[in-house]
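For reference, the structure is listed below as structure tokens.
The values are calculated or read from the model by the stated rules, or taken from the named source; none is laboratory data. All figures in this text were calculated on a predicted structure; none of them were measured in a lab. All Cβ positions, even for glycine, are placed from backbone atoms using ideal geometry, and neighbour counts span all protein chains on display.
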Amino acid sequence: MTAPNSGYDVEKIKKSALIATIVGFICGGAIPGVLGLLGYLKADQEPATAKKFTKWAWIAFIIMWILAIIFIVIYVVFIVSMVSSGEMSTY
């Protein structure tokens, strides 16, 4: 029977998962933070699963930022269109 972490650098996985957890909670929201935390907690017993959780934490982080940027752009376009339509009207 082989060790559950054979072939994996557990310390590297834990470091990456910890960074994903901290960055996720601070800048990305709860979903990437929780996925990173799950990756950190699974690193000792199931390193392959921990890598997957960490990878998905980063993917969720990127998706959250892309959605935030899209919503900000839509908001700015909406505000600009409202202001410009208000200037065109005459009383």
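Evaluated against (1) of a type in the set (A, V, I, L, M, F, W, C); (2) more than 23 Å from Gly7 (Cβ to Cβ); (3) modelled with pLDDT under 95, Ala48 falls short on exactly one condition, (2). Could you check, for the range 63-79, whether at least one of its residues is in contact with a helix residue (DSSP H, G or I) (Cβ under 8 Å, 6 or more places away or on another chain) and either assigned to a helix (DSSP H, G or I) or modelled with pLDDT under 95 (or both)? Yes, the range 63-79 has at least one match.
Of the residues Ile66, Ile79, the single one that is within 13 Å of the chain's Cα centre (by Cα) and farther than 14 Å from Leu18 by Cα is Ile66. Looking only at the range 31-60, residues that are of a type in the set (Ser, Thr, Tyr), more than 12 Å from Thr21 (Cβ to Cβ) and touching a Phe, Trp or Tyr at 6+ places or on another chain (Cβ under 9 Å) come to 0 in all.
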